[in-house]
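Novice: I have a structure here, written as structure tokens, and I will follow up with some questions on it.
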Amino acid sequence: MRSLPIARRALADRRRSLVIWAVGIVAYTAMILAVFPSLRGQTNLTDVMKNYPKPLLVMFGIDSENFDLGSATSFVNAYLYSAIIPMLVVVLCVLFGADTLAGEEDRNLLDLVLSYPVRRRSVVLQKALVLVIEAAAVGAALFLTVWIGGLAVDLRPPLGNLAGATVGLVALGVVFGGVALAVGAATGSKAAASGAAAAVAVATYLIWSMAKLVSWLEPLRWISPFWYTSGTNPIANGVAPRDLAAVVVMAVVPIAAAVLLFERRDLRR
Amino acid sequence: MTAQGGPAVTDAIRTRGLTTSYGANRGIVDLDLDVRSGEVYGFLGPNGAGKTTTIRTLVDLLRASAGTATVLGLDAHRDSVALHRRIGYLAGDLALYERLTGREHLAWLAGLRGEGAMVELNALADRFSAELDRPIRHLSKGNRQKIGLVQAFMHRPELVILDEPTSGLDPLMQEEFLDLVREVVAEGRTVFLSSHSLDEVQHVADRVGIIREGTLAAVESVETLRERAIRQVRIVFCGPAPVDEFASLPGVREVVAEGARLRLAVAGGIDAVVKAAARHDVVDLLSEPADLDEIFLTFYRGGEP
């Protein structure tokens, strides 16, 4: 008997859409990288951007103090790791987290699966495993594109920092995918799962980005996973192991909650 | 059936005071169910009576709020994994992974059970002429139902729990299904199946439990139910309907004539009616399925109209 049949099924069902997402993220990344050579050394453009209203830069996760578009680290951080790609990874993970449990329940598939000799917690954990694999696959595609594509345009961010930032990004996706999984496990509703997880993602993103502008938000920024993964230009400065650990814990909590909540649920039909 | 029951091993399913709330008024209340090993038990009730809620509680998809459910000697909730190894289940609204072929799907399901989980796959698939090599999304309702039946029986379970198993099957396949059920119980295994129609189960069930509004209204042998079942018979004669000849026949409860047409309410068998009709020129004869609500009501009228 081959092991983890639920995970293999979920992964096989997602293969096509995962490939499409990875291709999209790789294409976007390659496009951004292709622009870099024409920006290199253009300090005037950097100056123009520094004069943009601070709230605008903050919304896009750009640190206006230590910002230099011509530098490899600022460029990769600003255009890839601060806003757009994290949001794409979060959306991918939320869609999967909502569909794989609540979506299958909506489609009555879990009635069949759970009438077989499988533990409910095993079902949830195998789904969570696929969530991690999915986020990691996209992360790996992103890392390789920045690394190898970067060589082509002579853009060489420190690889250790790039790897750390990518792991942070993967963990970030798992946090919100985990929230979708947990809400789906508790309610059986795909709409509630994706809606709640998207709301939490937007709220914590705003808390993190606005904390730089709004002083009363600053003491709260620690509750935002974005603060740990994108807070300090991770491409330039690396991600502290402590911060990575914090995001991993934030990812484990909703998954554990999903296990407990699903265990005592009446399955809908 | 007896409230105190015999040794647990003789009961395939035994519930006591089983109560499950589900949705607004679709729960079950204080259900005492006894299904003996080796019998076919027909679980009958109108739609919304609580058949599916009962079945889903037995399979641990819903959790009872009170009472106990013991299946094959195991607690339906606490021992669910051990229990699920030994049962087969077919849901009333079967859903399958649409992209897989029937064969891929059945192999995957067998993988959830482990060794020997598809010993009868090929025999069953042949028997139902199940379409195994096309993606399930291209299959008709009947062909999906065949896949569902194969998965419920393919590992030779001791107990098969089936929710409206014949829905979508053509009459030929329904017959094939009933044959299979007879063979399974002949081997000493147990079949528990729900239906909203007595006619569907009367040729195969040993006993029938009637559920209505979440409570078990009656448990009877099929013979007893059949004797009490009232069916509508319509006969069209060549000439004027001979009303008088039918009014006094045994079992006839009601006769209405409109010219050549005769409408009868008949309790029990319609043998006497058919023989009486045969003495005349008959254009058409239609016997409608016994109405479950009617059967139920006759219980409370003591069988009198």
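Every read-out reported here was derived from the displayed coordinates using simple, explicitly stated rules and does not represent laboratory data. On a predicted model such as this, the values are computed, not experimentally measured, just so you know. Ideal geometry is used to build each Cβ from the backbone, glycine not excepted, and the neighbour counts take in all protein chains shown.
Novice: Could you state the number of Å between the C-alpha centres of region B:45-120 and region B:150-201?
Specialist: Region B:150-201 and region B:45-120 have Cα centres separated by 14 Å.
Novice: Shifting gears a bit: For the protein assembly as shown, what ratio Rg/Rh do Cα atoms give with a Kirkwood hydrodynamic radius?
Specialist: We get a ratio of 1.16 for the protein assembly as shown.
Novice: If each Cα of region B:87-162 is one equal point scatterer, what is log10 of I(q)/I(0) from the Debye formula at q = 0.14, 0.15, 0.24 Å⁻¹?
Specialist: Log-scaled intensity ratios, in q order: -0.37, -0.43, -1.16.
Novice: Another question, then. What is the antiparallel percent of DSSP beta bridges lying wholly in region B:11-225, to the nearest 5?
Specialist: 55 percent
Novice: Mind checking which lysines have their Cα closer than 20 Å to the Cα of A:K127? Skip sequence neighbours fewer than 8 apart in that chain.
Specialist: A:K190
Novice: Next question. Count, for each residue of A:114-125, the Cβ atoms from other chains sitting within 10 Å of its Cβ, then give me the mean as a whole number.
Specialist: Whole-number average of other-chain Cβ neighbours for A:114-125 is 5.
Novice: When the helices in chain B are scored as -39500 (n - 2.57) per DSSP H run of 4 or longer and the sum is shared across all residues, what 222 nm value do you end up with, to the nearest 500 deg cm²/dmol?
Specialist: -8500 deg cm²/dmol
Novice: Using only Cα atoms, figure out Rg for region A:125-269 and give it as a multiple of 2.2 N^0.38 Å.
Specialist: Normalised by 2.2 N^0.38 Å, the Cα Rg of region A:125-269 equals 1.16.
Novice: If only Cα atoms are counted, what is the Rg of region B:18-157, and what is its Dmax, in Å?
Specialist: Expressed in Å, the Cα Rg and Dmax of region B:18-157 come to 16.3, 45.
Novice: Shifting gears a bit: In 20 Å bins starting at zero, report the fraction of Cα pairs in chain B per bin as a rounded %.
Specialist: Going out from 0 Å in 20 Å bins, chain B shows 30, 51, 18, 1 percent.
Novice: Towards the positive end of the charge dipole of the protein assembly as shown, with charges on Cβ (+1 Lys, Arg; -1 Asp, Glu), say which of B:V160, A:V48, B:A95 has the farthest Cα.
Specialist: A:V48
Novice: Here is a further query. Mind checking B:96-107 for the average number of partner chain beta-carbons within 10 Å of each residue's beta-carbon?
Specialist: 2
Novice: Still on this structure, please answer the following. State to the nearest 20 debye the size of the charge dipole of the protein assembly as shown about its Cα centre, where the only charges are +1 on K and R beta carbons and -1 on D and E beta carbons.
Specialist: 2000 debye
Novice: Per-residue mean of other chain beta-carbon atoms within 10 angstrom of the beta-carbon, peptide B:76-89?
Specialist: Average per residue, whole number: 2.
Novice: Could you give the length gained on full extension between B:E104 and B:V243, defined as 0.36 nm per residue of separation minus the Cα-Cα distance, in nm?
Specialist: The span from B:E104 to B:V243 would gain 44.0 nm if fully extended.
Novice: Which log10 I(q)/I(0) values does region A:5-264 give at q = 0.08, 0.11, 0.14 Å⁻¹ under the Debye formula, counting every alpha carbon as one identical point scatterer?
Specialist: -0.33, -0.61, -0.92
Novice: I would also like to ask the following. What order do you get for A:123-131, A:47-55, B:164-172 when each peptide is scored by the mean count of other beta carbon atoms within 10 Å, highest first?
Specialist: Result, highest mean Cβ count within 10 Å first: A:123-131, B:164-172, A:47-55.
Novice: Stick to Cα atoms and the Kirkwood definition of Rh, then tell me Rg/Rh for region B:218-288.
Specialist: 1.02
Novice: So what's the gap between the Cα centers of region A:73-110 and region A:172-226, to the nearest angstrom?
Specialist: If we compute the Cα centre of each part, the gap is 12 Å.
Novice: Here's something else I'd like to know. Among the lysines, which have Cα under 28 Å from the Cα of A:K212 when same-chain residues fewer than 8 positions away are ignored?
Specialist: Of all the lysines, those that pass the test against A:K212 - Cα under 28 Å, at least 8 places apart if same chain - are A:K50, A:K54.
Novice: Continuing with the same structure: Dipole of the protein assembly as shown (Lys/Arg Cβ +1, Asp/Glu Cβ -1, origin at the Cα centre): which of A:L33, A:V118, B:V71 lies farthest to the positive side?
Specialist: A:L33
Novice: When only alpha-carbon atoms are used, what values of Rg and Dmax, in angstrom, describe region B:129-216?
Specialist: Calculated on Cα positions, Rg and Dmax stand at 13.8, 43 Å.
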